[in-house]
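The values are calculated or read from the model by the stated rules, or taken from the named source; none is laboratory data. Fair warning: this is a prediction, and the values are worked out from it, not measured in the lab. FYI the Cβ positions are ideal-geometry reconstructions off the backbone, even for glycines, and counts take in every protein chain you see.
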Amino acid sequence: MYNARNTVIGLILLIGLVSFPFWYSTGKAASAPQPKLDTPTIQELEEKRCVEATPYMRASHMQLLNEWRTSVIREGNRIYVAENGERYNMSLQNTCMECHSNKTQFCDRCHKYVGVKPDCWTCHIESKENKL
């Protein structure tokens, strides 16, 4: 085999370059962001509670919003009854964003961390943020 030494060196360099991103980032996971809950509306609430329990909202808020969309558009139902019996208007802008008015600090932080781009703002008007 001609130039065996150069071929072996080239293969080692190629394998090193291809595997570089994997071994370089080993053990360097980014910490999960903590959404900011310090909006004026939330601070004024006696009981700081969302439409549903926090673990459910963290895991399934997009499914809930999709169910709301379907219920409002296809069935004309605009009232959501939570597990605790409270009634809410099914509206991203008027219910969710009323309390979570800090979109960049609340929504965008987590969405960037997990790498998702929800299409909420293709139909809804992006809310003006309250600068604290």
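Structure summary
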quantity: Search result, residues across segment 82-129 that are modelled with pLDDT of 85 or more and basic (Lys, Arg); calculated: ARG87, LYS103, ARG109, LYS112, LYS117
quantity: Segment 104-122, residues that are surrounded by 10 or more Cβ atoms within 10 Å (Cβ to Cβ) and farther than 17 Å from ALA32 by Cα; calculated: PRO118, CYS120, TRP121
quantity: Filter result for the condition that a residue is in contact with a strand residue (DSSP E or B) (Cβ under 8 Å, 6 or more places away or on another chain), part of a helix (DSSP H, G or I) and not aromatic (Phe, Trp, Tyr), over THR7, THR95; calculated: THR95
quantity: Qualifying positions in segment 69-91 - surrounded by 10 or more Cβ atoms within 10 Å (Cβ to Cβ), assigned to a loop (DSSP other than H, G, I, E, B) and not small (Gly, Ala, Ser); calculated: ASN77, ARG78, GLU86, MET90
quantity: THR104 being touching a Ser or Thr at 6+ places or on another chain (Cβ under 6 Å) and polar (S, T, N, Q); calculated: no
quantity: Residue within segment 27-39 that is assigned to a helix (DSSP H, G or I) and not charged (D, E, K, R) present; calculated: no
quantity: ALA32, sole failed condition from (1) at negative phi; (2) without any contact (Cβ under 8 Å) to a residue 24 or more places away in the chain; (3) surrounded by fewer than 11 Cβ atoms within 10 Å (Cβ to Cβ); (4) out of contact with any Lys or Arg (no Cβ under 9 Å at 6 or more places or on another chain); calculated: (2)
quantity: Residue within segment 48-63 that is in contact with a Phe, Trp or Tyr (Cβ under 7 Å, 6 or more places away or on another chain), farther than 22 Å from GLY115 by Cβ and of a type in the set (A, V, I, L, M, F, W, C) present; calculated: yes
quantity: Meets criteria (of a type in the set (S, T, N, Q), surrounded by 10 or more Cβ atoms within 10 Å (Cβ to Cβ) and at pLDDT below 90) for THR41; calculated: yes
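Listed here are the residues, each with its yes/no results for (1) in contact (Cβ under 8 Å) with a residue 24 or more places away in the chain; (2) of a type in the set (Phe, Trp, Tyr); (3) out of contact with any Pro (no Cβ under 6 Å at 6 or more places or on another chain); (4) within 22 Å of GLN43 (Cα to Cα).
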| site | (1), (2), (3), (4) |
| --- | --- |
| MET57 | no, no, yes, yes |
| LEU65 | yes, no, yes, no |
| ARG69 | no, no, yes, no |
| ILE79 | no, no, yes, no |
| ASN94 | no, no, yes, yes |
| LYS103 | yes, no, yes, yes |
| ARG109 | yes, no, no, yes |
